[in-house]
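The values are calculated or read from the model by the stated rules, or taken from the named source; none is laboratory data. Computed from a predicted model, the values in this text were never measured in an experiment. Every residue, glycine as well, gets a Cβ built from its backbone with ideal geometry; the counts of neighbours run over all protein chains shown. Heads up: the accessible areas ignore ligands, DNA and RNA and are worked out on the full protein's heavy atoms, side chains in. Shrake-Rupley method; radii C 1.70, N 1.55, O 1.52, S 1.80 Å.
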Amino acid sequence: MFTRRHLLATAVAAPAILRFGTGTAHAATTLKISHQFPGGTIDKGDFRDRLCRMFAAEVAKRSKGDIAAEIYPNSSLIKTNAQFSAMRKGALDISLYPMPYAGGELPETNIGLMPGLVTTYDQGMRWKKAPVGKALSDFLADKGIILLTWVWQAGGVASRSKPIVAPEDAKGMKVRGGSREMDMVLQTAGASVLSVPSNEIYAAMQTGACDAGITSSTSLISFRLEEVAKSLTSGAGASYWFMLEPLMMSKAIFDKLPKNHQDILLAVGTELEAFGRKGAQDDDIEVAKVYEKAGAKVSKLDAATVGKWREIARDTAWKDYGAKTATAANLLKLATEVSA
């Protein structure tokens, strides 16, 4: 069970240094945990930041102070898109990172946001123990990344003008999709696309460079997009947009740790998956309340509409992804078996 510990709120440019336990005989192993999301405390704020803090507190407790952590929210340590490469090189220890952001470096990681492939949390969480999960974990380990906590998030659409619900609604709009494959689907639907991380959507919508942004419910809240949006399409009931945003670690750093420390990191990471799922699902409900309060029109997706997006994706994004590499083809095959 996780112990509630009240921590000081983190300043934008400063890390939260979490040191617990009684181990004083030797210096603690200090891990740097980076992410792009707003900082808070272990009890309040973006659940992804809270998950990092809970992870840090619990591994410190179980290691009796032998493992400490410095948490850097808001991409204050390393810029958002550089975090994955930094982990692969051993220059960053841990990040809670949207996996498809690594698609430019490793196109296979775009399986983590393949439109229409994952449509429920149950389905996404089945990946871990299914052949697709083993194949993805093995691929990432070979590339220098260890998955600690599997976190899936459903997404919705914040729009500066009309709602984007069905594919035809996207025609003529400038939309941020979140992955190369999502962009392909949007372009087929008649939209133009913008590729920016979720923490840059607000500025893009504010300036008019972007008409609408598709991102997780949590990011729709945390990045205050209701301030620049007049419409929200919620993914609470159904969604064609599910992003894999795991807590991941540099294998180079992981491999240097003693076995008992590795076991602690893996165990705590797994135990936090229930918290991650609940946080994501709670935000799927909360986002509609936030946008309604701000005066935005809230629309919902249904299974038939999700099916329209999925049909476009199957004929475009899925085919394109599967043709990239043999690994991509295998991952797609195994993932579709989970969704069958």
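Looking at ALA274, ALA280, ALA303, ALA326 in this structure, which one is open to solvent by 70 Å² or more (accessible area, probe 1.4 Å), of a type in the set (A, V, I, L, M) and closer than 30 Å to ASP43 by Cα?
Selected residue: ALA274, the only one of ALA274, ALA280, ALA303, ALA326 that is open to solvent by 70 Å² or more (accessible area, probe 1.4 Å), of a type in the set (A, V, I, L, M) and closer than 30 Å to ASP43 by Cα.
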Sole residue being small (Gly, Ala, Ser) and in contact with a Pro (Cβ under 8 Å, 6 or more places away or on another chain), chosen from GLY104, GLY90, GLY112: GLY112
Residues of the range 222-251 satisfying the condition of being surrounded by fewer than 20 Cβ atoms within 10 Å (Cβ to Cβ) and farther than 19 Å from VAL59 by Cα: ARG224, GLU226, GLU227, LYS230, ALA236, GLY237, ALA238
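Test of understanding: among ILE111, ILE17, which residue is at pLDDT below 95 and β-branched (Val, Ile, Thr)?
Details: ILE111 fails: at pLDDT below 95.
The unique qualifying residue is ILE17.
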Every pair of residues 6+ apart whose Cβ atoms lie under 8 Å, when the first sits in the range 213-232 and is assigned to a strand (DSSP E or B) while the second is modelled with pLDDT of 95 or more and acidic (Asp, Glu): SER216/GLU245; SER216/ASP283; LEU232/GLU226
Residue that is surrounded by the most Cβ atoms within 10 Å (Cβ to Cβ), among those in the range 174-191 that are among the aliphatic types (A, V, I, L, M) and touching a Leu at 6+ places or on another chain (Cβ under 8 Å): MET182
Inter-residue pairs, beta-carbon under 8 Å, first modelled with pLDDT of 95 or more and in the range 322-339, second aromatic (Phe, Trp, Tyr), 6+ apart: THR327/PHE139; ALA328/TYR321; LEU331/PHE139; LEU332/TRP318; LEU332/TYR321; ALA335/TRP127
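Any residue in the range 122-145 that is part of a strand (DSSP E or B), under 22 Å from ARG310 (Cβ atoms) and in contact with a Lys or Arg (Cβ under 9 Å, 6 or more places away or on another chain)?
So far as the range 122-145 goes, no, none of its residues is part of a strand (DSSP E or B), under 22 Å from ARG310 (Cβ atoms) and in contact with a Lys or Arg (Cβ under 9 Å, 6 or more places away or on another chain).
When residues of the range 260-271 are filtered for being open to solvent by 60 Å² or more (accessible area, probe 1.4 Å) and under 24 Å from ALA91 (Cβ atoms), how many remain? Walk me through it before giving the result.
Our first condition is that a residue be open to solvent by 60 Å² or more (accessible area, probe 1.4 Å); within the range 260-271, this holds for 260, 263, 266, 270-271.
Applying the additional criterion that residues be under 24 Å from ALA91 (Cβ atoms) yields 266.
Matching residues across the range 260-271 total 1.
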Scan of the range 47-74 for residues that are surrounded by fewer than 20 Cβ atoms within 10 Å (Cβ to Cβ) and either free of Cβ contacts under 8 Å to residues at least 60 places away in the same chain or outside any helix (DSSP H, G or I) (or both), ordered by number: LYS61, LYS64, GLY65, GLU70, ASN74
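Let's see how each residue does on (1) within 29 Å of ALA328 (Cα to Cα); (2) within 16 Å of the chain's Cα centre (by Cα):
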| site | (1), (2) |
| --- | --- |
| ALA60 | no, no |
| GLY65 | no, no |
| LEU77 | no, no |
| GLN83 | yes, yes |
| GLY90 | yes, no |
| SER95 | yes, yes |
| ALA102 | yes, yes |
| ASN110 | yes, yes |
Index of the failed condition, TYR291 passing every other in (1) modelled with pLDDT of 95 or more; (2) open to solvent by 10 Å² or more (accessible area, probe 1.4 Å); (3) of a type in the set (Ser, Thr, Tyr): (2)
Residue pairs meeting the criteria (Cβ under 7 Å; at least 6 apart or on separate chains; first free of Cβ contacts under 8 Å to residues at least 12 places away in the same chain, in the range 242-269; second in a helix (DSSP H, G or I) and open to solvent by less than 20 Å² (accessible area, probe 1.4 Å)): GLN262/PHE254
Flag if GLY178 is touching a residue at least 24 places away in the same chain (Cβ under 8 Å) and farther than 17 Å from GLY295 by Cα: yes
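Filter the range 97-111 down to residues that are of a type in the set (Gly, Ala, Ser) and crowded, with 24+ Cβ neighbours inside 10 Å, then give me how many there are.
Matching residues across the range 97-111 total 1.
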Residue in the range 84-91 that is polar (S, T, N, Q) and either at pLDDT below 95 or part of a helix (DSSP H, G or I) (or both) present: yes
